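Every number here is computed from the coordinates shown, using simple stated rules; none is lab data. None of these values were measured; they are calculated from a predicted model. Please note: Cβ atoms are built from the backbone with ideal geometry, for glycine as well, and neighbour counts cover all protein chains shown.
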Amino acid sequence: MKNIIETRDLHKVYASGIHALKGINLEVKEGEFCILLGLSGSGKSTLLRCLNKLIDSTSGEINIDGENVVTASGYTLRRIRRQIGMIFQQFNLIKNVTALTNVLSGKLGYVSLGHSLTFSYHKEDIDAAHENLKRVGLLNFANKKVKNLSGGQQQRVAIARALMQDPKVILADEPVASLDPATADTVMKYLGELNRKDNMTVICSLHFLSLARKYGTRVVALKDGKIVFEGSPKELDERKFKEIYGEDAEEVEIR
Amino acid sequence: MKNNLKITLKTFFTDLLFWIYLLGCLYYLFNYWFGFELENIYLLVGGLILTLLFMLSGISLGRKLFLPSRFTELKWSRTFWGWSVILLLIVTFFVGWYLVEVNPYKFFTKFGNARGIMSGLFNPNFDILSMSLKALTETIYLALLATLFAIPFAFILSFFAARNLMPKTLLGNTVYVAIRTFATLFRSIEAIVWAIIFSVWVGIGPFAGMLALMIHSIAALTKLYSEQIENIDDGPVEAIKATGANTLQVWVFAVIPQIISPYLAFTIYRWDINVRMATIVGFVGGGGIGLLLLQQQQLLRWQNVGLIIWLIAAVVWIMDMTSAKIREKLIEM
Ligand SMILES: Nc1ncnc2c1ncn2[C@@H]1O[C@H](COP(=O)(O)OP(=O)(O)OP(=O)(O)O)[C@@H](O)[C@H]1O
Ligand SMILES: [Mg+2]
C-alpha cells in the first residue's frame with residue numbers, strides 16, 4: 001500500500017512564539033484509520049490543520065496523494081483541499097440555514113464562483129446531497145435548520161458535507177469530544193464505515209482510548225509537538241499510556 | 001533606562017498640563033471678578049516654573065499616575081495629588097459656570113417668554129396639516145433613500161474593514177486601516193455639517209439632506225457591519241475553506257449567512273436614526289419638515305410650529321416602536 005499522507009520534519013511555530021510541532025515525520029497508508037492521541041495542547045489540531053493548509057506550516061514537507069501541500073496555492077490548493085474532508089469538534093455548520101444547504105456547500109470546491117453565486121446547484125449535486133444525508137440517516141431532516149438539530153445529528157450533517165467532496169482522506173479533529181458516549185459511538189461508526197466500505201483514509205484525533213482501540217488501525221501519539229508513540233492500538237498498554245498522558249494519568253478517566 | 005526616560009517625560013508633561021490648566025483657570029476667574037489682565041505667555045512660563053519647582057521637590061501628580069506604587073500607603077487627604085484633584089474640580093466648576101452663563105434666576109422668572117410657543121403646542125393649527133404632511137413625507141423618504149443608498153457601499157466596505165477577513169499582509173493591513181480611519185473620520189463629522197456642505201454643493205432641499213445622511217450612514221454602517229463580521233463564529237469559515245472553496249465563496253457561504261440578520265437589524269435601526277436626524281438636517285438646508293419648522297419659527301407662527309412638533313413626535317414614536325419590534329423578530333431568526 002502506498003503512503004497517501006507523508007510529512008517530513010514538519011515544524012509549526014505560531015506568531016506568539018509557541019513551538020507547536022517539532023519535527024513531525026508522519027506516514028499514513030491508503031485505507032488506514034489513524035488515531036491521533038495526546039494531551040490537550042500537544043499539537044493534534046495544529047497538525048491536522050497543517051495537512052490541508054488551513055494554517056501554514058513553518059518548515060518541512062507535506063505530501064498528500066503525491067501533491068506538495070506546502071507550496072500549493074490558488075487553484076492547486078483548492079484541488080488538494082477538495083479531496084480532503086474535514087470534521088470538527090464544534091461541527092462548524094452554518095447554524096441558521098438548512099441541513100441540505102450545509103451539505104451542498106461541500107461541493108463548493110468543484111463549482112465555479114459564478115455558478116455558486118446564483119445558488120443554482122446542479123441536479124446531480126442536489127441528488128447527491130440527499131443521498132449523503134440518507135447515508136447518515138438524516139434524509140427526513142434535509143429541510144430543517146441546523147440549529148434545531150441535536151449535537152450528534154449536526155455531526156452527521158457535517159459528515160454528509162464532507163462526503164459531498166468525494167474525499168480520499170478525512171481529517172477529524174476530536175469529532176466526538178462534545179457528544180455523549182452513545183452518540184459518540186454512532187458518529188464513530190459512520191467514520192469507520194467510510195473507512196472500510198469506501199476505502200477512505202481517516203486521521204482522527206480522540207481522547208477516548210476505548211474508541212481508539214475499537215476503530216483505529218493505527219495509533220500515533222503526540223506529546224509537546226513530537227511523536228512519542230506509533231503502533232497498533234493493541235500495543236497501547238498501561239505503560240505506553242502513562243508515557244503519553246503523564247505518570248498521574250489513569251486509564252479510567254478516558255475510557 | 002529608556003523606560004525611565006519615557007516615564008519622566010510623561011510625568012513632566014502631565015505636571016506641566018496640570019499647572020498651566022490651573023493657572024489658566026485661576027486667571028480666567030480673576031479676570032472675570034476683578035478685570036485683572038495678563039499676557040498669555042506668563043501663564044505658560046508660570047506653569048513651567050511651577051512644574052519644575054514642584055517636581056524637583058518631589059511633589060508631582062504625574063508621578064502618582066505613572067509610578068503608582070510609590071505613595072499608596074497614604075490616605076488621599078494627606079497627599080498632594082488628592083488636594084490637587086479637589087482643587088482642579090473646584091476651579092473647573094467655577095470656570096464652567098461662568099463660561100456657560102448659567103443663570104437659574106432667568107430659568108425660573110422668564111417663563112413668560114415661552115408662552116407663545118407653549119400655547120401654540122396646545123392649539124396646533126390644523127390648516128397647515130396637508131402642507132406639513134407633505135414635508136413630513138419628504139423627510140421620511142429622504143431618510144429611507146439615504147439608508148437604502150448607504151447599504152451597498154457599507155456592505156462591501158465592511159468586508160474590507162473586518163480584521164478577521166483581511167489577510168495579515170501589508171496590503172491587507174493598509175486597506176483595513178484606511179477604511180476604518182475614513183469611517184471613523186466621516187462618522188465623527190456630524191450629519192449637520194455634511195448638510196451644510198451639500199446644501200451649497202447641490203442647493204438647498206431634500207437632496208442635500210439625503211446626501212448628508214447617506215455619507216454619515218455609510219460611515220456608521222461600515223463600522224457596525226464590520227464589527228459584526230469580526231464577531232462571527234470562525235468555525236464555519238474554516239470548514240468552508242477546507243472544502244476547497246475560494247475566498248469569495250467563503251464570504252458568501254460562511255460569512256454572509258451569519259451576518260444577514262444583524263445587518264438587517266442595524267439597517268432598520270439606522271433608518272430610525274436617520275428619520276430623526278433628517279429633521280435636524282432640514283434646519284440647515286436639508287429640506288423636509290425641518291425646513292418647514294425653521295420657516296414657521298422664524299415667522300413666529302407658533303400654532304404652526306405646534307402642529308409640526310406634534311407630527312414629528314408622532315413619527316419618531318411610531319418609527320421607534322416598529323423598528324424595535326422588527327429588530328426583535330430579526331434577532332430570533
Ligand atoms: N492560533 C494559535 N495561535 C497561537 N498558539 C496556538 C494557536 N493554536 C494553538 N496554539 C498553541 O499550540 C499548541 C498546540 O495546540 P493544539 O490546538 O494543536 O493542541 P491540541 O492537541 O489540539 O489540544 P486540544 O486537545 O486541547 O485540542 C498549544 O500550546 C496552543 O496553545
Ligand atoms: Mg485541538
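A few notes on this one:
- Prolate/oblate/rounded call for the stretch A:1-71, Cα gyration tensor, a/c under 1.5 rounded: oblate
- Antiparallel content of DSSP bridges confined to the protein assembly as shown, in %, to 5: 55
- Around the Cα centre of the protein assembly as shown, unit charges on the Cβ atoms of Lys, Arg, Asp and Glu (plus for the first two, minus for the last two) sum to a dipole of about 400 debye.
- Number of partner chain Cβ atoms within 10 Å, mean per residue of A:78-84: 3
- Exercise: per-residue mean of other protein chain Cβ atoms within 10 Å, B:227-238: 3
- Between the stretch B:225-295 and the stretch A:146-215, the alpha-carbon centres lie 38 Å apart.
- Relative intensity, log₁₀ I(q)/I(0), of the protein assembly as shown from a Debye sum that treats every alpha carbon as a point, q = 0.07 Å⁻¹: -0.72
- If you wrap the tightest convex hull around every Cα atom of the stretch B:2-102 and split its volume per residue, you get 118 Å³.
- Each peptide among B:266-279, B:9-22 gets the average number of other Cβ atoms lying within 10 Å of its residues, and from highest to lowest they stand as B:266-279, B:9-22.
- Highest-first packing order for the peptide set A:137-145, B:108-116, B:192-200 is B:192-200, A:137-145, B:108-116, based on the mean count of other beta carbon atoms within 10 Å.
- Normalised by 2.2 N^0.38 Å, where N is the number of residues, the C-alpha radius of gyration of the stretch B:120-332 stands at 1.22.
- Rg then Dmax, both in Å and based on the Cα atoms of chain A: 18.2, 57.
- Assuming charge only on the beta carbon of Lys and Arg (+1) and of Asp and Glu (-1), the dipole of the stretch A:136-255 about its Cα centre is about 700 debye to the nearest 20.
- Between the amide H of A:Ile4 and those of A:Val28, A:Lys29, A:Glu30, distances stay under 5 Å, these residues lying 5 or more places away or on another chain, with hydrogens modeled in the peptide plane.
- Measuring spread by the Cα atoms of the stretch B:175-299 yields a radius of gyration and Dmax of 19.0, 69 Å.
- Size descriptors for the stretch B:114-155, from the alpha-carbon set: Rg then Dmax equal 16.6, 49 Å.
- Percent RCO, i.e. relative contact order, over chain B, from Cα pairs under 8 Å lying at least 6 residues apart: 20
- For chain B: lysine pairs under 25 Å (alpha-carbon distance), excluding those fewer than 8 apart on one chain: 10
- Relative contact order of the stretch B:2-102, defined on C-alpha pairs under 8 angstrom at six or more residues apart (%): 36
- Residue by residue along A:105-111, Cβ atoms of other protein chains within 10 Å of the local Cβ number 6 on average.
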